Amino acid sequence: MRKLQIGVMGSAADLQYTKEVEKVAERLGELVAESGATLVFGAEKDTDSLSTAACRGAKKNGGLTVGITYGKHKNIWQKEDMADFVVASGLERGGGRELTLVLSCDAVIVVSGGSGTLNELTVAYQADIPTVALRGTGGWADKLADEYIDGRKRRKVVGTDTPEEAVRIALEEAKKYVEEYG
């Protein structure tokens, strides 16, 4: 079986998340790396984010990281050694990049999150990709934890209270997802 691909997604720095929430995102990355899964994240070109914080955490623990960026080039905001592999989607932020990012994941973990994260959650929902939201981090993670995106009730966003619980559930759900969809 190939390595599981776990996405960590959340707010960009312009939403002014706290250092505490940033540390939570880093811890998620550490735990994904410890599990042996590949961390998939939204590689930014102009600012820090909770997704890139997760990348830093994964790299601290020797994890494999794949950054999906927008546009035609692989230049990204974080240090070049942070992302092991950069995918230049050729698409813009605000739709196309998020589609490529989410569809590259076997499960998604959401921490806080603004409009881009909401877009990612919607893509995951439509594609039946398991999603875990870390309660207490703000944004869409708090609003959609333990909820369905719409009345179809395809797959509930699983709410968790700790990074450890979030990664454990994401890995369990990712294994089931891979068994069903490959």
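Only the coordinates and a few stated rules stand behind these numbers; no lab work does. Quick caveat: nothing in here was measured; it's all calculated off a predicted structure. Cβ atoms come from the backbone with ideal geometry, glycine included; neighbour counts cover every protein chain shown.
Ordered by the count of other Cβ atoms within 10 Å of each Cβ, fewest first, Ser112, Ser104 give Ser104, Ser112. Taking label positions 7 Å along the Cα-Cβ direction at both Lys74 and Thr18, the computed distance is 3.8 nm, reported to one decimal. Only Cα pairs under 8 Å and 6+ residues apart enter the sum, and on that basis the relative contact order of the range 1-81 stands at 34 percent. Segment Glu180..Lys153, full-extension length gain: 7.9 nm, with 0.36 nm per residue of separation and the alpha-carbon distance subtracted. Put in order of Cβ neighbour count within 10 Å, fewest first, the listed residues Trp77, Trp140 become Trp77, Trp140. At a Förster radius of 22 Å, what calculated FRET efficiency corresponds to the Cβ-Cβ distance of Phe85 and Ala127, to the nearest 0.05? With a Förster radius of 22 Å, E is 0.55. Here's how it looks for Thr137: its modeled amide H is under 5 Å from those of Ser112, Asp142, which are all 5 or more places away or on a different chain.
Dividing the summed helix terms, -39500 (n - 2.57) for each DSSP H run of n ≥ 4, by the number of residues in the chain produces a 222 nm estimate of -12500 deg cm²/dmol to the nearest 500.
Shape analysis of the chain yields a ratio of the Cα radius of gyration to the Kirkwood radius, Rg/Rh, of 0.92. When the chain is treated as a GNM with alpha-carbon contacts under 10 Å, the residue of Leu91, Leu28, Leu171 showing the greatest mean-square fluctuation is Leu91. Label-to-label distance, Asp46 versus Asn61, with points set 7 angstrom from Cα along the beta-carbon direction: 3.2 nm. Once the gyration tensor of the Cα atoms in the range 7-48 is diagonalised, the equivalent ellipsoid follows with semi-axes of 20, 13, 6 Å, ordered largest first.
Working note: Cα gyration tensor of the range 114-182, eigenvalues times five, square-rooted, sorted largest first, giving semi-axes of 18, 16, 10 Å.
Largest GNM mean-square fluctuation across Gly29, Gly67, Gly116, computed for the chain with C-alpha springs under 10 Å, falls on Gly116. Going by neighbour counts of Cβ atoms within 10 Å, the residues Phe41, Phe85 line up, fewest first, as Phe85, Phe41. Highest GNM mean-square fluctuation among Thr69, Thr47, Thr137, for the chain modelled with Cα contacts below 10 Å: Thr47. Checking the cross-link pairs Lys23/Lys45; Lys60/Lys176; Lys19/Lys176; Lys3/Lys72; Lys3/Lys45 against a 31 Å limit on the alpha carbon distance flags Lys19/Lys176 as lying beyond it. Our summary gives the range 5-181 a relative contact order of 21 percent, counting only alpha carbon pairs under 8 angstrom and 6 or more residues apart.
Once backbone amide H atoms are built at 1.01 Å from N, Val8 has Val40, Ile109 as its partners under 5 Å, excluding neighbours fewer than 5 places away on the same chain.
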